[in-house]
Amino acid sequence: MLYKRVVLLLAVVLTSVFSFSTGAAETSSADRPLKCVYFVPKDCTPCPNRAERLFRVMTCVQDFYRREMDRNGLGPISFGLEEDGPGKLKLYEVYAPGNQEDYGRDSAWVVRDVIAEELAKRGIDVNKEVIVVFQLGLRWEGEKAVEVGPFAGSGATTNGIAWCYDDPMLDSDKLSSKEPGGYYYGPCSIGKFNSHYIGGIAHELGHALTLPHDCELSTELATFGNALMGSGNHTFGQELRGEGKGSFLTYSEALRLSVVPAINGKKPEQRPVDVKLTELKGSRVSKKVIRFSGKIEADVPILGLIFYNDLDSRGSDYDAKTWTVKPDRDGAFQIELTEIEPEPSEIRVCAVRDVDTILLFKAPYNPNGEAGEFDSIEYAFQVPKAAVAYAARDSLALRKLAKGDLARWSDLKTLCEELAASIEFPEKIQTPTDVKARISSFDLSDAAFTTQKVGWASLTRRSFFDGSLLSVGGKVYSSGLCAHAPSELRCNLGKKWKTFRFGYGMQSSGRGAVVFVVYGDGKELFRSSRIDDNALRTDSVDVSNVRTLKLVVEDGENGNYGDHSVWIEPILLR
């Protein structure tokens, strides 16, 4: 894992509403084709006819993207492919040092590292490419297929990677087959086997091309089928067997893809974030319809704002419905979100520029029709005001906010006062052993660390590395440390403290997975579960006999992309 898939159903109508078209002739972004890698564990044998079969498979996926981009009014554009002769896909074969079992479901980034090392020898930088990895990660046990390797995708505008499987049965020519012999969580036809696994390739490639999860509106289901980035990976090509409508790209998916260089063929470009959401207000229209109005400021034209409404109950973003609106020339917009369920959700707003898609805002709320249902959105919208003032070290502005705009929220009022005080009366950065004995508590936000290693950017105190405030679980904090995983912080306690009390979690912008660990003199005192959400947890450990305290955040075995780990209110007590 924010789009308005507008009240109008047909993509042709959407096109006229948003008036955006590439004007491109049919293209496959030939200047920047995908790199297709064939990953072979030591104990596996490459599948026969792989170059020919996978050419058919990838051409099928390519045609799907082209057809759907065109249906959405964005032109018949798709990704490019490298050929190794007529009808043969160019495959960069990588023979891995480990066996199949060494590359399990959580080993995506291990596989990537092996590939990156090998491709570097061939002059290819994986950080500048979009890569599809075909792994021999499906093991047959009689008539049962067991998924061993990773099946996932991840990417930014300029690069990405999708981990998929190859199998002798994998062939787009067999999508129409109703013959038995396939398997996916149970026996199925050969056609369904290919729907799941070719659909999986299309879906994970979507992630590699920046797409988050989203699902279709009920009004779209009957006409178009299932959204590719929802459950569309399981329904891909089913219309060829007369078993359903198949899969499609939502307008929001297509709009995001339209600015990806691997799709539009343009030269990759990185640009400073110059888009701000300056106003956002929610109102109730009817039982299942809400309206958002607001305004953005941008230095370049915005192709569209995508609104995602993501229900909390499922625990994932597969059920995030989307709607899209194009701001007017002054940046003002108004959008109606339909099919809204009266339960806790998260709203996310993204802006699509000509070169990328930017997350502008997200906040939890409960659209239950009751008074105050949009209060949490207003709360979240006010927080950046404090962040801007703190980043500028403007204590006067913070105190003004505490008495004015943020006064209605007691915690934000207190936050501004605490941040203002930290500017006006800065605590000396010191080693905990040097804190006077009469002082009963000490905030590690002000600690001198003998070791401070972080996996991205730098260690920051009382704020996130991008200048925003520390925020976990929908609440902001004036005390804490931003130490992006993998990270390690050490400080001397000298057996002068009794308890270490702390909170931990993922900054609200985080989309990764991490594990928090506390050591005392090399002994593990605490280890969290794998954290892959934005909830705050708290705990404490006995440090009465500890000389050296070490705070570690480990990667959750999926790479450190989005591992925005923070320690909240890390306090030593006598």
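The values are calculated or read from the model by the stated rules, or taken from the named source; none is laboratory data. These numbers come from a predicted model, not from an experiment. When we count neighbours, we look across all protein chains shown, and the Cβ atoms used for this are built from the backbone with ideal geometry, even at glycine. Side chains are part of the model used for accessible areas, which takes the heavy atoms of the whole protein and leaves out ligands, DNA and RNA. Shrake-Rupley method; radii C 1.70, N 1.55, O 1.52, S 1.80 Å.
Using θ = phi - 60° in the Karplus curve 6.51 cos²θ - 1.76 cosθ + 1.60, the 3J(HN,Hα) couplings for the range 73-78 round to x, 10, x, x, 10, 7 Hz; x is entered for Gly and Pro. Here is the P(r) of the range 487-562: all C-alpha pair distances, binned every 10 Å from 0, give 19, 49, 25, 7 in whole percents.
Restricting the calculation to Cα atoms, the range 191-262 yields a radius of gyration followed by a Dmax of 11.8, 35 Å. Pairs of alpha-carbon atoms within less than 8 angstrom and 6+ residues apart define the contacts here; what relative contact order does the range 231-351 have, in percent? With pairs under 8 Å counted, the relative contact order is 23 percent. Dipole magnitude for the range 119-274: about 360 debye, using +1 per Lys or Arg Cβ and -1 per Asp or Glu Cβ, origin at the Cα centre. The ellipsoid equivalent to the alpha-carbon distribution of the range 446-525 has semi-axes of 22, 14, 13 angstrom, derived from the gyration tensor eigenvalues as √(5λ) and listed largest first. When the C-alpha to C-alpha distance is required to be over 19 Å, the pairs from K192/K245; K128/K326; K42/K128; K121/K267; K362/K385; K428/K523 that qualify are K128/K326; K42/K128; K121/K267; K428/K523.
Over the range 160-219, the alpha carbon radius of gyration divided by the compact-protein estimate 2.2 N^0.38 Å works out to 1.27. S172 sits among other residues whose Cβ lies under 12 Å from its own Cβ, and their net charge, with Lys and Arg +1 and Asp and Glu -1, is -1. Sorted from longest to shortest, the spans of the Cα atoms of the range 299-393 along the three principal axes equal 36, 34, 25 Å. For I358, the shell of other residues with beta-carbons less than 15 Å away shows a net charge of 0, using +1 for Lys and Arg and -1 for Asp and Glu. Compute the FRET efficiency between E82 and K276 as 1/(1 + (r/R0)^6), taking r as their Cβ-Cβ distance and R0 = 25 Å, and round to the nearest 0.05. So the FRET efficiency works out to roughly 0.05. Checking the cross-link filter: which lysines have an alpha carbon closer than 17 Å to that of K88, excluding same-chain neighbours under 8 positions apart? Filter leaves K35.
Starting from the Cα gyration tensor of the range 72-187, take the square roots of the eigenvalues, sort them a ≥ b ≥ c, and report rounded, prolate or oblate (rounded when a/c is under 1.5, otherwise prolate if a/b is larger than b/c, else oblate).
Since a/c reaches 1.5 but b/c is at least a/b, the shape of the range 72-187 is classed as oblate.
Charges at C-beta only: +1 for Lys and Arg, -1 for Asp and Glu. How large is the resulting dipole of the chain about its Cα centre, in Debye rounded to 20?
In total the dipole reaches around 1440 debye.
Here the Kirkwood formula puts the hydrodynamic radius of the range 373-520 at 16.6 Å, using every distinct Cα pair. Can you list the trypsin sites (Lys or Arg not before Pro) in the range 426-531 that are in a DSSP coil and have 11 or fewer other beta carbons within 10 angstrom? Filter output for the range 426-531: K428, K436, R438.
When a 1.4 Å probe is rolled over the protein heavy atoms, the share of accessible surface on the range 280-358 that falls to carbon and sulfur comes to 45 percent.
Per residue, how many Å² of accessible area does the chain show with a 1.4 Å probe?
Heavy-atom SASA per residue in the chain reads 42 Å².
What the Cα atoms of the range 113-258 give is an Rg and a Dmax of 16.2, 50 Å.
Based on alpha-carbon centroids, what's the gap between the range 36-56 and the range 150-167 in Å, whole number please? Here the answer is 16 Å between Cα centres.
Where both residues lie in the chain, what percent of DSSP beta bridges are antiparallel, nearest 5?
About 80 percent, rounded to the nearest 5.
For the chain, dividing the convex hull volume of the Cα atoms by the residue count gives 165 Å³ per residue.
Contact order for the range 339-379, expressed relative to its length and based on alpha carbon pairs under 8 Å spaced 6+ residues apart, stands at 37 percent. With the whole protein complex present, E117 retains an accessible surface near 120 Å², based on a 1.4 Å probe. Neighbours of M229, meaning other residues whose beta-carbon lies under 11 angstrom from its beta-carbon, give a summed charge of -4 when Lys and Arg score +1 and Asp and Glu score -1. Look at the alpha carbon pairs under 8 Å that are at least 6 residues apart: their mean separation over the length of the range 74-206 gives a relative contact order of 19 percent. Reported to the nearest whole Å, the Cα centre-to-centre distance from the range 492-532 to the range 361-377 is 32.
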